[in-house]
Amino acid sequence: MGLPPDGDTDWEQLSLAQRHGIRQAAAFRLYALPDAAPPGLAEPGPGLEALPFNGTIPEGLPQVAAVQLYCDAVIPRFDPPQLWLAVYALEDDRTKAVALDRFPLHQAENEACWFYPTDDGTYLRWERAEAITLAPGFIADPTCCPSASDYRRSSLHLLWSLMADDPDLTCVGITYAGVRLEWPVLSDEPAAAASWTAFAVDSAASPHYRQIATVRAHGPLRSDSQASPSPLP
């Protein structure tokens, strides 16, 4: 979030601080293609160019039933040097949030993870930038921290992964005691274009990742008054 309230607070103030924090995200899907991939999806050409803006695989394609959804996520654009993380124990009626911790996000422990597939094969990636508004986050499984006295800052980890052939790691999430933290999406505004990329993973090759082709898919036309996040690079 942005600079969080100092000390105990309430839900309204937490929500306000959260709205000044993360504002960009990437909607992201990965599909695993079968060995006999549907014609045109794993190579440059009209098959890849015909894939839609919304990230779905059209049902009319040959062998489409064998295409497996590998990952479907919205990844907030974490920028640890610019963000803070505050931890609160929230009372049942949300009238009071008791402060447990508050620190710059880049001071959290770091942990590497594998976000992209490591199994050999051919894949499709769909990605679209979004402007988002988030509610304050929570631990997906609260039993890992049953009471305020059980909280330990050392259990908070930033997850970092290599994305495709990027030279640098990307922060893809935060966990507490190995359990992910989730921020409900209150609103989202998709960019005007998305990207589809076909790539292959071959553990016997160097490098293991090989991009085959990438194309852009454009959404409905908008009026100039409709805000849109920056397009994908």
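The values are calculated or read from the model by the stated rules, or taken from the named source; none is laboratory data. Since the structure is predicted, the reported quantities are computational estimates derived from the model, not experimental observations. Virtual Cβ from ideal backbone geometry, glycine too; neighbours counted across all protein chains shown. These area figures cover heavy atoms from the full protein model, side chains too; ligands, DNA and RNA do not enter into them. Shrake-Rupley method; radii C 1.70, N 1.55, O 1.52, S 1.80 Å.
Amide H contacts for VAL87 (H built 1.01 Å from N in the peptide plane; partners 5 or more residues away or on another chain; cut-off under 5 Å): LEU100, ASP101, ARG102. Rounded to whole numbers, the Karplus 3J(HN,Hα) couplings from phi for segment 200-209 are 10, 10, 9, 5, 8, 9, 9, x, 5, 9 Hz, using 6.51 cos²θ - 1.76 cosθ + 1.60 with θ = phi - 60°, and x at Gly and Pro.
DSSP beta bridges fully contained in the chain are about 95 percent antiparallel.
Of interest is the spacing of the C-alpha centroids, which for segment 44-122 and segment 184-200 amounts to 11 Å.
Working ranking of peptides 86-96, 18-28, 121-131 by packing, defined as the average number of other Cβ atoms within 10 Å per residue, highest first, is 121-131, 18-28, 86-96. Averaged per residue, segment 85-233 has 56 square angstrom of accessible surface, using a 1.4 angstrom probe with ligands and nucleic acids left out.
With the whole protein complex present, GLU43 retains an accessible surface near 100 Å², based on a 1.4 Å probe. The H on the amide N of ILE174, modeled in the peptide plane, is under 5 Å from the matching H of LEU159, LEU181, each at least 5 residues off or on a different chain. Sorted into 5 angstrom bins from 0, the C-alpha pair distances of segment 86-233 split as 2, 7, 12, 15, 15, 14, 13, 10, 7, 3, 1, 0 percent. Over the chain, dividing the summed -39,500 (n - 2.57) contributions of all DSSP H runs of at least 4 residues by the number of residues returns a 222 nm mean residue ellipticity of -1500 deg cm²/dmol. For the chain, the fraction of 1.4 Å probe accessible surface lying on carbon and sulfur atoms is 51 percent. Applying the Karplus relation 6.51 cos²θ - 1.76 cosθ + 1.60 with θ = phi - 60° to segment 117-129 yields 3J(HN,Hα) values of x, 10, 6, 4, x, 10, 9, 10, 10, 10, 9, 9, 6 Hz, where x marks Gly and Pro.
Only protein heavy atoms count here; under a 1.4 Å probe, VAL64 has an accessible surface of about 30 Å². Taking the charge dipole of the chain about its Cα centre, with +1 at Lys and Arg Cβ atoms and -1 at Asp and Glu Cβ atoms, the residue from TRP160, LEU181, GLY47 reaching farthest to the positive side is GLY47. Heavy-atom accessible surface of ARG153, to the nearest 10 Å², is about 100 Å², with a 1.4 Å probe and all protein chains retained.
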